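The values are calculated or read from the model by the stated rules, or taken from the named source; none is laboratory data. If you're wondering where the values come from, they're calculated on a predicted model, not measured in any experiment. Please note: Cβ atoms are built from the backbone with ideal geometry, for glycine as well, and neighbour counts cover all protein chains shown.
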Amino acid sequence: MATKVHMEALSPTMEEGQVVKWLKAEGDEIANGDVLAEIETDKATMELVARGEGILQKVLLDEGGTAAVGALIAVIAEDGEDISDLVSEGDDATGEGSGEEDEAAAKEGEEEESKEEEAEAAPERDKAPAPEEGEEGDGRVKASPLARRLAADQGIELRSIEGSGPGGRVVKRDVEKAMEEGVPDAPRTTAPDSEEDYVDVSLSQMRKTIAKRLVESLGPVPHFFLTVDVDMSRAVEARKRVNALLEKEGKKISFNDIVLKATAMALRKHPECNAHWREDHVRRFNRVHLAVAVAIDDGLITPVVRDADRKGMAEISAEVRELAGRAREKKLKPEEYSGGTFSVSNLGMFGIEDFTAVINPPEAGILAVGALEERPVARDGEVIIEPRMKITMSCDHRVIDGAQGARFLQSLTGILEEPLAALI
Amino acid sequence: MATITYREALNQALSEEMRRDESVFLMGEEVAEYDGAYKVSKGLLDEFGDRRVVDTPISELGFAGLGVGAAMVGLRPVIEFMTFNFAFLALDQILNSAAKMYYMSGGQIPVPMVFRGPTGAALQLSSQHSHACDTYYAHAPGLKLVRPATPADAKGLLKASIRDADPVIFMEGEMLYNLKGEVPDPDDGDFVIPLGVADLKHEGGDVSIITHGSTVHLALQAAKKLEKDGIHADVLDLRSLRPLDVDAILESVKKTNRAVYLEEGWPYVGIGAQIVATIQEEAFDHLDAPVLRVCQADVPMPYAKNLEQLAKPSVDRVIEACNRVLYRS
Amino acid sequence: MAETKTEKSKKAATGSKSEKSGVEDGLEGFSKEELHSFLKEMLLYRRFEEKAEEAYAIGKIGGFCHLHIGQEAVALGFIGPLRDDDYVFTSYRDHTQGLAKGLKPGPVMAELYGRDGGCSRGKGGSMHIFGAEEGFLGGHGIVGGQIPLAAGVGWAIRYREEDRVCLCYLGDAAVNQGAFHEALNMSAVWKLPVIYVVENNEYGMGTHFERVSALPVVERAKGTGVPAHSIDGQDVIATWRLMEELTEKARNGEGPQYVDARTYRFKGHSMSDPVHGVYRTKDEVEEKKKSEDPIVVLRDRLFDADLLSEDELDALDEQVVEIVDEAVEFADNSPFPEDEELYTHTYAEINEHGRLFFDGRDR
């Protein structure tokens, strides 16, 4: 029976070996244990011994040639034995080895390769979620880990606190002082700051291409528009009942408040629409801060209702009223009209049936809400009159794709058409 | 309760364990006829004879290895080093034999034994006799490391160490041997303190001073002084460094939000480095200030009295570190 | 404490000693069966190591692997006369001494393979063969590191007033370590029942002993007071006889003994070293193989004394090849240790309180 001569691991760390010299030539008679060749390993020159007997029929690796451990480099066989299969196996396997061990070796090789790939990929992944503070450059606030946590728990913005530690570090006692003294509108003005509040999504090659191509086509923010026509019957009903309940308190909600609440809830379900385009990545927010467009004498301002998804309609209503009031008096602070994650613009009160709004970058979407009107619609083969409202969503195509926007609008419509669904 | 010295407490622990367990014996330089270089083994030769209390040649490597061999077949040797400064000669046997035997034999051969002796600086003994050696042993899995600071801890922990199934490095303090303290009376039953339980030696709440071994007493003095200033410090004595009572460390730090680690050894890759790493890994959001360390100056111990004082950790340096983490200047 | 056994080891007990072979052949006192068992045992060591070499070449065994080929008579000649309850220590060239002390070939091969069924559960490898039950207290990886340990076991034997002995092998290079002199001194002072056997194969890795020692091996114990002996370590009969005498003395409380057993390594220091090289010539190795192969030496003596036929020899060899093949099969079939085994056996006692591991495991 033929004996395969493999390049053997002659040192613990050897991966390949070089034939320095064949001590036996083709045709020589070989006894078990004979030294066949001198092999240069990574450490020394070693002897390769025969592990079988017969005639050295074929030498597959010339002197000076290198082969991986496990590779077939010669064949010992009986005189006249057919070794053509073995030899051809050696031909295409030189440097790779053959047989069982080689499969194992090949597998290991693959594993190593994929590991290398991972290792290469890793730094990029690490790069993607760049720390917000670093990005904002001068905006970095020095604070102890404890102070950060306390401030986040209390909804106090670290920026608003003067640090008494070394280099102006905000420490526990500073946060405690701020809590005692009170920070104006503190709980309502937290910017999305903590890392739990958002997820940064690195840009795929496709996403980068979409961004580039669409900007070329449509301008810096590549808009597209989606319109829905919403049956508002149940919303009208709901508003009546809610207002009846609120009457004692002298409060009232508007259709716009209902739209805001529904939008916020739908956004929570679709974080891909509650997002910012940040040039090298997309930031998806876990909190919903709605910017509400308010017309003022010489323009437009968008005060922000923070955490709108977690607030009741009455609360939203009161806040919008209050913010809009101060907006008209131009008394809003910067933090009150910045930090929105998504915008809503309503021109219904002007009788506008439907329109498109322009996105407020870096936000990725804005809703244009038209007037609530009774309109004829066909239902089950009959024409009936229903209260309807048209809503058009402008999407930044770099962030939101058509289907994503459509699914968001589906959720929004679902809530407006059946406000009870909000309770489920 | 009786008030006895640290040395007497160790002596009680040894004699009680030798009476309890025939396989326990004490071996080391000058432990028998001389009663021990620090008189820890006083009277043991008389009671147990030279079979169980054994003077050795000055061959640290040899008798440390001999102890390991005896433990491999089931005896429970207590090997005394006159000081751990001399045990560097025996490190091969401690690290390569004692620490790894159970593992590399696949769990066949445990090494139940104690290496004990003083560590750290006394007074003006200069570089080669003042080395705080904890970190070398804390580093190695397979070893346990115990550092009692009081007579009661010395007794209770030595008894637990002798009974432990693994090799235990038991480090005493040259300056502690004369320290007096209350220790439960032998007649009141077996007094054993389990390894891995830290002891809150002073309760405060404003700042955690965490430490082990001889410097516990420095920490207590600092805490007393801080008290006058209205600062209340936790003084947490770790007592054993492997196993390490991490829960106690975290509990104190979560309460005070700030910590100072105090040790006799050098700062670089010292015990404190590990403690700081553990705190920042597991109590990061509770920290109001960076954790600071007070250690020996990063130089060999000098002989000159004034320089030696400068090199050693001091009460003032502990107080200064506490003020820094409290943002008091 | 294990009960002290008094019966003779199994190997020595096989056959009766009354049958005398030739008067002048030096084999007096050994039966044919015994002599055949010696040959078979040494063949087993040889074939086992050859298989290990082969397995190493195809990557089944990793790391350092030191073969005992050429030194078989030292393993058998000194361990053979021991009782089952005696102890043995050795260095990292430890496979065959483990077999000689009664470890089964399967678990030893599985240990070389790094398998769960290995005698050290795959955690020790080639250099750390252990068999607590068999009294085989390990292969030790630091040159001379096992010598104080053996003194400690001798101490424990004396402490317990037993009549066991401890055999401690060391390489010739180990006599230059401080541990050697410290341990031998204490052994002599306390009359410990330890027999120190230097496997003097002339080379510490690639350095000839004469280049690093002013005195020959046998004289290096001089300063310690331990009686020294020198013996042809390739002659299993001579070593066996000497060991019987020395164990007797040690058991009788006469203290330690020291033997310079002159032998020769036919292979490289480890698998990563050439058989010969700059430090020794090929001719030297070939000459030693021809004239000092301990198996050939015994075989020829048995042939000459008419105590062995070619057929009997072939039969013995076939038997050991089968045993070694079974060992390889056992190793191949043994699973790798489970991932959980990474942490087991670090400590014999996991304390109830506190953390012992700092890599996040017991957080």
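Structure values in brief
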item	result
Pairs, first more than 7 Å from chain C (Cβ to nearest Cβ) in segment B:89-108, second in a loop (DSSP other than H, G, I, E, B) and among the polar types (S, T, N, Q), C-beta under 6 Å, six or more apart	none
Residue under evaluation B:Tyr137, criteria (1) at pLDDT below 95; (2) closer than 26 Å to C:Thr346 by Cβ, criterion not met	(1)
Inter-residue pairs, beta-carbon under 6 Å, first assigned by TED's automatic domain parsing to the domain that holds B:Met175 and in segment B:3-15, second of a type in the set (Ser, Thr, Tyr), 6+ apart	B:Tyr6/B:Tyr177; B:Arg7/B:Tyr177
Segment B:226-269 - residue that is of a type in the set (Asp, Glu) and either under 11 Å from B:Ile209 (Cα atoms) or within 14 Å of chain C (Cβ to nearest Cβ) (or both) and, of those, surrounded by the fewest Cβ atoms within 10 Å (Cβ to Cβ)	B:Asp247
Flag if B:Cys295 is within 15 Å of B:Ala219 (Cβ to Cβ) and within 22 Å of the chain's Cα centre (by Cα)	yes
Only one of C:Gly124, C:Gly152 that is buried (at least 24 other Cβ atoms within 10 Å of the Cβ) and touching a Leu at 6+ places or on another chain (Cβ under 8 Å)	C:Gly152
Close pairs (6 angstrom Cβ cut-off, 6 or more residues apart or separate chains): more than 11 Å from every other protein chain (Cβ to nearest Cβ) in segment C:47-58, in a helix (DSSP H, G or I) and at pLDDT below 95 anywhere	none
Boolean, C:Arg355 is of a type outside the set (Phe, Trp, Tyr), farther than 26 Å from C:Gly114 by Cα, at pLDDT 95 or above and under 24 Å from the mean Cα position of the chain (by Cα)	no
Residue count, segment B:73-89 (criterion: hydrophobic (A, V, I, L, M, F, W, C) and under 21 Å from B:Arg7 (Cα atoms))	7
Within segment B:232-248, considering residues that are over 17 Å from the mean Cα position of the chain (by Cα) and touching a residue at least 24 places away in the same chain (Cβ under 8 Å), the one farthest from B:Leu157 (Cα to Cα)	B:His232
Residues satisfying the stated conditions in segment B:131-179, i.e. among the polar types (S, T, N, Q) and surrounded by fewer than 24 Cβ atoms within 10 Å (Cβ to Cβ)	B:Thr135, B:Thr150, B:Asn178
Count - residues of segment A:376-398 that are surrounded by 14 or more Cβ atoms within 10 Å (Cβ to Cβ) and assigned to a strand (DSSP E or B)	11
Criterion (outside any helix (DSSP H, G or I) and modelled with pLDDT of 95 or more) met by exactly one of C:Ala348, C:Ala327	C:Ala348
Qualifying position, being surrounded by fewer than 19 Cβ atoms within 10 Å (Cβ to Cβ), in contact with a strand residue (DSSP E or B) (Cβ under 8 Å, 6 or more places away or on another chain) and of a type outside the set (D, E, K, R), among C:His229, C:His269	C:His229
Test: residue in segment B:122-134 that is closer than 27 Å to C:Glu161 by Cβ and more than 7 Å from chain C (Cβ to nearest Cβ)	no
Residue tally, condition in a loop (DSSP other than H, G, I, E, B), small (Gly, Ala, Ser) and either within 14 Å of chain C (Cβ to nearest Cβ) or surrounded by 22 or more Cβ atoms within 10 Å (Cβ to Cβ) (or both), over segment A:50-80	4
B:Leu241 being outside any strand (DSSP E or B), at pLDDT 95 or above, under 21 Å from B:Pro148 (Cβ atoms) and touching a strand residue (DSSP E or B) at 6+ places or on another chain (Cβ under 7 Å)	no
From C:Arg164, C:Arg115, C:Arg158, residue being under 27 Å from C:Gly253 (Cβ atoms), over 14 Å from the mean Cα position of the chain (by Cα), part of a loop (DSSP other than H, G, I, E, B) and of a type in the set (Lys, Arg)	C:Arg164
Residues located in segment C:210-244, provided they are closer than 23 Å to C:Tyr87 by Cβ and not in a helix (DSSP H, G or I)	C:Gly225, C:Val226, C:Pro227, C:Ala228, C:His229, C:Ile231, C:Gly233
Pairs, first free of Cβ contacts under 8 Å to residues at least 60 places away in the same chain and within 11 Å of chain C (Cβ to nearest Cβ) in segment B:153-179, second in a helix (DSSP H, G or I) and among the polar types (S, T, N, Q), C-beta under 9 Å, six or more apart	B:Val168/B:Ser161
Residue within segment C:131-140 that is under 27 Å from C:Tyr203 (Cα atoms) and in contact with a Gly (Cβ under 7 Å, 6 or more places away or on another chain) present	yes
Condition met for A:Arg283 (in contact (Cβ under 8 Å) with a residue 12 or more places away in the chain, part of a strand (DSSP E or B) and basic (Lys, Arg))	yes
Candidate set: segment A:1-26, residues that are assigned to a strand (DSSP E or B) and of a type in the set (Lys, Arg); chosen: the one farthest from the other protein chains (Cβ to nearest Cβ)	A:Lys21
Total residues in segment C:123-155, condition assigned to a loop (DSSP other than H, G, I, E, B) and within 7 Å of chain B (Cβ to nearest Cβ)	7
Hits in segment C:191-223 - residues which are within 14 Å of another protein chain (Cβ to nearest Cβ) and surrounded by 18 or more Cβ atoms within 10 Å (Cβ to Cβ)	C:Leu192, C:Pro193, C:Val194, C:Tyr196
Tally, over segment C:206-235, of residues that are in contact with an Asp or Glu (Cβ under 8 Å, 6 or more places away or on another chain) and under 16 Å from C:Ile79 (Cα atoms)	3
